[in-house]
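Participant: Have a look at this one before I ask anything.
Values quoted throughout were computed directly from the atomic coordinates according to the rules given, and no laboratory measurement underlies them. Given the structure is predicted, the values throughout are model-derived calculations rather than measurements. When we count neighbours, we look across all protein chains shown, and the Cβ atoms used for this are built from the backbone with ideal geometry, even at glycine.
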Amino acid sequence: MSLCKLARVSRSGYYEWLTRSESKRAKENRCLLVAIKSSYNENRQAYGAIRIKRDLTKQGHTCSKNRVARLMSKNGLKSVHRAKYKPQTTKSDHKYNVSPNIIAQDFEATCSNQKWGCDISYIKTNEGWLYLAIVMDFYSRQIVGFEMSNRMHAELCCTALNKACLRRSPPAELIHHSDRGVQYASLPYRKMLQSHEFIQSMSRKGNCYDNSMVESFFHTLKVELVYRKKYETRLEAKQDITDYIYNFYNSKRMHSSLDYMSPMEFENVNQLAA
């Protein structure tokens with residue numbers, strides 16, 4: 001029995017279907033898929049349908065989120081999975097004094113260099129742990145300073161802060177927030193804060209959400225980059241993380257809280273509007 005009989009169509013109808021030209025919608029979807037794949041790969045395969053739709057809109061494409069999601073699903077384009085954020089607590093048993101929690105989970109800032117947040121995280125390599133200390137500007141979520149080392153000591157955090165100060169020239173009375181870790185409570189670090197006339201704020205003991213914005217960055221970094229790699233050396237990890245921060249997170253990665261702008265774009269737009 002022929003395929004035409006099985007499908008209950010005429011032979012002439014079958015050949016007409018074979019030679020029929022591609023529909024306008026199919027052509028549009030084919031062109032749109034090229035743009036979707038380009039955005040998906042340029043953004044490190046970290047974007048889902050919402051961010052890709054925003055990226056395509058910036059490029060001049062007209063499409064809905066549902067259409068983008070449908071084409072991505074059909075073609076196996078999946079963003080990296082982001083599990084619900086669960087911040088980690090910090091061990092704060094040390095002999096140093098701790099500062100009051102001035103921030104009190106009020107991370108909102110009206111301009112850059114008003115509130116900074118700091119913390120340390122760690123990355124696994126075959127050579128051992130690599131420790132990353134960062135300084136974030138809460139206004140734009142931009143990482144304004146960072147340093148990496150094979151040791152988690154006060155010097156690591158001092159160097160990250162010094163880089164941030166050299167880059168941004170912040171004013172006195174900037175609020176500096178961190179957890180109660182020994183590095184941030186140490187005398188060398190406190191002296192550095194005093195030399196810049198910063199106001200020190202520290203999270204409450206055992207409250208893991210008091211520094212959640214910085215912890216959230218570490219979660220994003222690990223899900224979008226670190227967990228997808230196996231680093232042989234600390235140098236390899238350093239290079240990869242530096243590239244991620246400078247060439248993706250700060251300059252390109254969209255944040256829903258910044259109206260889907262990158263940290264640098266958000267600062268530039270608001271400086272022009274001021």
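Participant: Lys/Arg Cβ at +1, Asp/Glu Cβ at -1, dipole of region 21-75 taken about the Cα centre: which of Cys63, Gln45, Val34 is farthest positive-ward?
Facilitator: Result: Cys63, furthest along the dipole toward the positive end.
Participant: A follow-up question, please. Let's see if you can work this out: charge +1 on each Lys and Arg Cβ, -1 on each Asp and Glu Cβ, no other charges. What is the dipole magnitude of region 115-273 about its Cα centre, in debye to the nearest 20? Could the numbers behind the result be given before it?
Facilitator: Working: 20 positive and 18 negative charges, 66 e Å.
Dipole size: approximately 320 debye.
Participant: For region 230-274, which trypsin sites (Lys or Arg not before Pro) are both in a DSSP coil and crowded by at most 14 other Cβ atoms within 10 Å? Could the numbers behind the result be given before it?
Facilitator: Numbers: sites: Lys230, Arg234, Lys238, Lys252, Arg253; in loops: Lys230, Lys252, Arg253.
Here the trypsin sites (Lys or Arg not before Pro) that fit, given the DSSP loop and packing criteria, are Lys230.
Participant: Going by average Cβ density within 10 Å per residue, which order do the peptides 181-190, 144-153 take, highest to lowest?
Facilitator: Values: 181-190: 19.5, 144-153: 18.0.
Highest-to-lowest ranking by the protection proxy: 181-190, 144-153.
Participant: For helix 263-273, what angle does its Cα long axis make with the longest principal axis of the chain, in degrees from 0 to 90 and rounded to 10?
Facilitator: 80 degrees
Participant: Here's something else I'd like to know. Before rounding to the nearest 500, sum -39500 (n - 2.57) across all DSSP H runs of length at least 4 in the chain and divide by the residue total; then give [θ] at 222 nm in deg cm²/dmol.
Facilitator: On the way: 11 runs with 116 residues, N = 274.
So the helix-based figure for the chain works out to -12500 deg cm²/dmol.
Participant: Next question. Among the DSSP beta bridges whose two residues both lie in the chain, what percent are antiparallel, rounded to the nearest 5? Don't skip to the end; give the middle numbers.
Facilitator: On the way: 18 of 26 bridges.
Of those bridges, close to 70 percent are antiparallel.
Participant: At Cys111 and Asp240, where each label point lies 7 Å from the Cα along Cα→Cβ, what is the point-to-point distance in nanometres?
Facilitator: Reported label-point gap for Cys111 and Asp240 is 4.0 nm.
Participant: Right, another one. Quote the FRET efficiency, to the nearest 0.05, computed for Asn270 versus Gln194 with a Förster distance R0 of 41 Å and r equal to the Cβ-Cβ distance. Walk me through the numbers on the way to the answer.
Facilitator: On the way: r = 30 Å, r/R0 = 0.74.
Using R0 = 41 Å, I get an efficiency of 0.85.
Participant: Once amide H atoms are placed 1.01 Å from N in the peptide plane, what residues at a sequence separation of 5 or more from Tyr231, or on another chain, have their amide H within under 5 Å of its amide H?
Facilitator: Asn126
Participant: Here's a follow-up. With charges set only on the Cβ (+1 for Lys and Arg, -1 for Asp and Glu), what does the dipole of the chain come to about its Cα centre, in debye to the nearest 20?
Facilitator: On the way: 44 positive and 26 negative charges, 363 e Å.
My answer is approximately 1740 debye.
Participant: Could you give the nm distance between label points at Lys58 and Arg228, where each point is 7 Å from its Cα heading toward the beta carbon?
Facilitator: Roughly 1.7 nm, to one decimal.
Participant: Please list, ordered by chain and number, the residues whose modelled amide H lies under 5 Å from the amide H of Asp119; skip anything fewer than 5 residues away on the same chain.
Facilitator: Amide H neighbours of Asp119: Ile134.
Participant: Can you order the peptides 136-143, 71-78 by their average number of other Cβ atoms within 10 Å per residue, highest first? Display every interim value, and only then the final one.
Facilitator: Numbers: 136-143: 22.8, 71-78: 14.0.
For the peptides 136-143, 71-78, the packing ranking is 136-143, 71-78.
Participant: Along the positive direction of the dipole of region 198-267 (beta-carbon charges: Lys, Arg +1; Asp, Glu -1; about the Cα centre), which of Met264, Gly206, Val226 reaches farthest?
Facilitator: In region 198-267, that residue is Gly206.
Participant: Amide H of Asn101 versus every other amide H placed in the peptide plane: which residues, excluding those fewer than 5 positions away on the same chain, fall under 5 Å?
Facilitator: For Asn101, the qualifying residues are Met202.
Participant: Rounded, prolate or oblate for region 115-273? Axes are the square roots of the Cα gyration tensor eigenvalues, ordered a ≥ b ≥ c, and the cut-off for rounded is a/c under 1.5. Walk me through the numbers before you get to the answer.
Facilitator: Values: a/c = 1.60, a/b = 1.06, b/c = 1.51.
Taking the square roots of the gyration eigenvalues as a ≥ b ≥ c, region 115-273 is oblate.
Participant: Kindly express, to the nearest 10 degrees and within the range 0 to 90, the angle between helix 234-244's C-alpha long axis and the longest C-alpha principal axis of the chain.
Facilitator: Result, in degrees: 70.
Participant: Given axes a ≥ b ≥ c from the Cα gyration tensor, I'd like to know whether region 36-184 is rounded (a/c under 1.5), prolate (a/b larger than b/c) or oblate.
Facilitator: It is prolate, given that a/c is not under 1.5 and a/b is the larger ratio.
Participant: Given axes a ≥ b ≥ c from the Cα gyration tensor, I'd like to know whether the chain is rounded (a/c under 1.5), prolate (a/b larger than b/c) or oblate. If you can, show how the numbers build up before the last one.
Facilitator: On the way: a/c = 3.17, a/b = 2.35, b/c = 1.35.
Judged from the Cα gyration tensor, the chain comes out prolate (a/c at least 1.5, a/b above b/c).
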